[in-house]
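These notes are about the structure you will find just below.
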Amino acid sequence: MQRIMVIGAGVMGAGIAQTCAQAGYQVLMTDPDPAALSRAMDQIAAFLAKLESKGQLEQPADKVLARLSIAGDLAGAAGAEMIIEAAPEKLELKREIFAELERLAPAEAILATNTSSIPITTLAQGLARPQRLLGLHFTPPVPLSRLVEVIRHEGTDEEVFQAGLELVRSLGREPLAVRKDVPAFVINRVFAAALSQALELVEQGVASAQEVDMGMRLGYGWTLGPLQTADLVGLDTVLLVMRSFARQGEYKLAGGSALVEEMVRQGRLGRKSGQGFYDYTGAGHKKA
Ligand SMILES: NC(=O)c1ccc[n+]([C@@H]2O[C@H](COP(=O)([O-])OP(=O)(O)OC[C@H]3O[C@@H](n4cnc5c(N)ncnc54)[C@H](O)[C@@H]3O)[C@@H](O)[C@H]2O)c1
């Protein structure tokens with residue numbers, strides 16, 4: 001496999017495109033928003049320059065950049081062997097994109113989605129070639145992260161699943177093979193369970209956010225506590241994901257959402273707004 005197409009040039013798409021280009025693939029990154037494309041290219045160039053200055057790039061940055069091209073539409077799918085979709089987390093939008101990709105891409109192309117909460121099975125339902133679809137769930141910041149979940153739905157061809165695992169290894173990442181399509185897959189499912197318990201403990205006044213996080217860092221060796229991580233992800237995003245769990249009947253993973261809802265109502269979105277469970281406005285990011 002040599003040619004990869006990445007759909008969406010946002011937080012995740014830009015990181016995926018960069019990571020694939022660094023690993024030697026020819027990458028085409030698409031986005032209907034020209035500003036998103038130019039922002040992504042600037043970010044990638046800056047990221048590569050930083051890695052190069054630290055001696056952490058195997059090839060000169062300009063060689064990596066030369067493997068990366070951009071487009072405003074999906075026509076380039078005709079030449080792609082693997083297509084990784086990282087468009088916004090909206091089911092209808094993703095359905096439209098995959099329908100168009102099936103029309104444009106070669107029949108043997110592999111289609112992958114980076115969705116974090118939509119079941120792969122749901123996306124496969126509308127497809128003419130559902131056996132060519134799998135989930136490739138990258139985590140941010142993608143160029144530094146060491147893990148990618150590879151998710152099969154019931155109808156994914158074994159060969160496609162194996163190609164997904166192989167792709168991840170070729171990117172220098174460890175694949176986590178998810179053999180059944182359950183909501184939130186593996187790592188987000190485990191994390192969401194911990195987060196919802198943490199939120200309920202804070203809500204009930206059993207311990208403060210800082211104490212719960214300190215407990216998980218010192219007691220279980222977590223690098224960040226669950227509420228620190230929620231601040232990092234953004235509480236608006238956390239709330240969308242919790243609602244998605246509730247819609248799927250996964251109430252255990254949605255516990256504590258009232259607290260998140262209230263914080264979002266107050267504009268406390270975590271790091272992105274300067275306030276969340278912690279205060280990020282002062283020097284040294286003092287705790288709230
Ligand atoms: N942000 C995270 O931490 C994270 C982690 C894992 C998975 N994900 C998933 O990755 C996907 C992308 O998330 P993101 O954070 O990069 O979002 P984002 O909003 O940063 O980027 C999405 C990009 O898609 C573009 N887009 C809109 N319509 C499009 C279309 N029709 N075709 C192609 N591109 C289109 C937008 O212009 C935007 O640039 C979502 O499914 C999300 O759930 C996100």
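Summary of values
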read-out	value
Approximate spin-label separation Gln56-Arg265, in nm, with each point projected 7 Å along Cα-to-Cβ	4.2
Sparse-neighbour loop sites [GluC sites (Glu not before Pro); region 125-177; at most 12 other C-beta within 10 Å; DSSP]	Glu154
Neighbour-limited loop hits for trypsin sites (Lys or Arg not before Pro), region 147-219 (at most 13 other Cβ within 10 Å; DSSP other than H, G, I, E, B)	Arg179, Lys180
Between helix 235-247 and the chain: long-axis angle, C-alpha atoms, 0 to 90°, nearest 10	80
Stretch gain in nm, segment Lys63-Thr237, where the contour uses 0.36 nm per residue and the Cα spacing is subtracted	59.1 nm
Distance from region 30-87 to region 220-288 (C-alpha centre basis), Å	30
Helix-only [θ]222 nm of the chain, DSSP H runs n ≥ 4, -39500 (n - 2.57) each, per residue, nearest 500	-14000 deg cm²/dmol
Region 97-140 versus region 160-208: alpha-carbon centroid distance in Å	20
Placed amide H near Ser69: partners under 5 Å, 5+ positions off or other chain	Val27, Leu28, Met29
Antiparallel DSSP beta bridges within the chain, as percent of all bridges there, nearest 5	20
Modelled FRET efficiency - R0 35 Å, Gln204 with Ala99, Cβ distances, 0.05 increments	0.15
Cα-centred dipole magnitude for the chain, charges only on beta-carbon of K, R (+1) and D, E (-1), debye, nearest 20	460
Percentage, to the nearest whole number, of Cα pairs in region 189-273 over 18 Å apart	37
Three principal axis lengths of the chain [C-alpha, angstrom, descending]	56, 45, 33
On Cα atoms only, tilt of 91-104 relative to the major axis of the chain in degrees	10
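Each reported figure results from applying straightforward, stated rules to the coordinates on display, with no laboratory input. Quick caveat: nothing in here was measured; it's all calculated off a predicted structure. Cβ sites come from the backbone with ideal geometry, for glycine too, and all protein chains shown count toward neighbours.
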